[in-house]
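The values are calculated or read from the model by the stated rules, or taken from the named source; none is laboratory data. Remember, predicted model here, so these are calculated numbers, not experimental data. Ideal geometry is used to build each Cβ from the backbone, glycine not excepted, and the neighbour counts take in all protein chains shown.
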Amino acid sequence: MQFIETKLPGAFLIELERKEDDRGFFARAFCRNEMAARGLVGELVQCNVAFTHRRGTVRGLHYQVAPAAESKVVRCIRGAIFDVIVDLRPDSSSYLQHLGVELTADDRRQLYVPEGFGHGYQALSDNAEILYFVSAFHSPQSERGIRYDDPAFRIPWPAPVTLVSLKDQNWPLFDRSSSAQPPKVI
């Protein structure tokens with residue numbers, strides 16, 4: 001596994017190190033020891049799949065607060081997505097900054113999303129599917145979100161947004177004037 005640092009401290013792109021032969025290739029996609037060696041959460045307790053029918057659909061941006069704060073390892077296993085993370089850690093040097101990366105089934109890259117980050121994505125193809133592992137069990141009472149179109153973040157989605165769930169449309173706007181944990185929304 002190759003860990004590529006991003007501009008947001010603690011977030012990494014993970015590329016497979018392929019061992020190829022006439023049959024194809026073999027690669028490790030996760031290793032608790034390699035994660036721990038970089039100070040990343042390596043205990044994953046749940047694996048989720050999300051399938052999106054139409055290009056342009058946006059899911060998120062979601063996160064969970066303590067005691068169920070979670071880190072994620074996200075991979076696109078069908079089609080292509082534009083994956084976005086937002087640093088919501090008040091003590092971070094990249095607080096309120098975001099990063100967007102394209103993940104495709106063909107490139108097999110993964111994104112490590114640390115605790116304290118909002119996460120969402122836009123389908124760049126019809127029938128996009130992602131697989132993601134999380135370090136904490138889903139906790140509805142700990143779930144939070146920020147709107148995909150929140151002017152506080154100005155996320156440049158690469159395609160016209162065609163569909164967003166009612167839940168994701170109704171997250172409150174982020175209040176930049178607050179540095180309390182978790183972020184205050186208005």
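Scanning the stretch 147-179 for residues that are among the hydrophobic types (A, V, I, L, M, F, W, C) and touching a Pro at 6+ places or on another chain (Cβ under 8 Å) gives Leu173, Phe174. The residues of the stretch 15-62 that are closer than 30 Å to Trp157 by Cβ, buried (at least 17 other Cβ atoms within 10 Å of the Cβ) and either at pLDDT below 95 or small (Gly, Ala, Ser) (or both), listed by number, are Leu16, Met35, Leu40, Val41, Leu44, Gly56, Gly60. Scanning the stretch 69-93 for residues that are surrounded by fewer than 17 Cβ atoms within 10 Å (Cβ to Cβ) and among the small types (Gly, Ala, Ser) yields Ser92, Ser93.
The residue list Leu61, Leu96 contains one member that is assigned to a strand (DSSP E or B) and either without any contact (Cβ under 8 Å) to a residue 40 or more places away in the chain or farther than 23 Å from Met1 by Cβ (or both), which is Leu61.
Quick one: is Ala123 under 29 Å from Leu40 (Cα atoms), among the aliphatic types (A, V, I, L, M) and modelled with pLDDT of 95 or more? It is true that Ala123 is under 29 Å from Leu40 (Cα atoms), among the aliphatic types (A, V, I, L, M) and modelled with pLDDT of 95 or more. All conditions but one from (1) closer than 26 Å to Tyr148 by Cα; (2) in a strand (DSSP E or B) apply to Glu20; the one that does not is (1).
Touching an Asp or Glu at 6+ places or on another chain (Cβ under 7 Å) and touching a residue at least 24 places away in the same chain (Cβ under 8 Å): does that describe Gly79? In short, yes.
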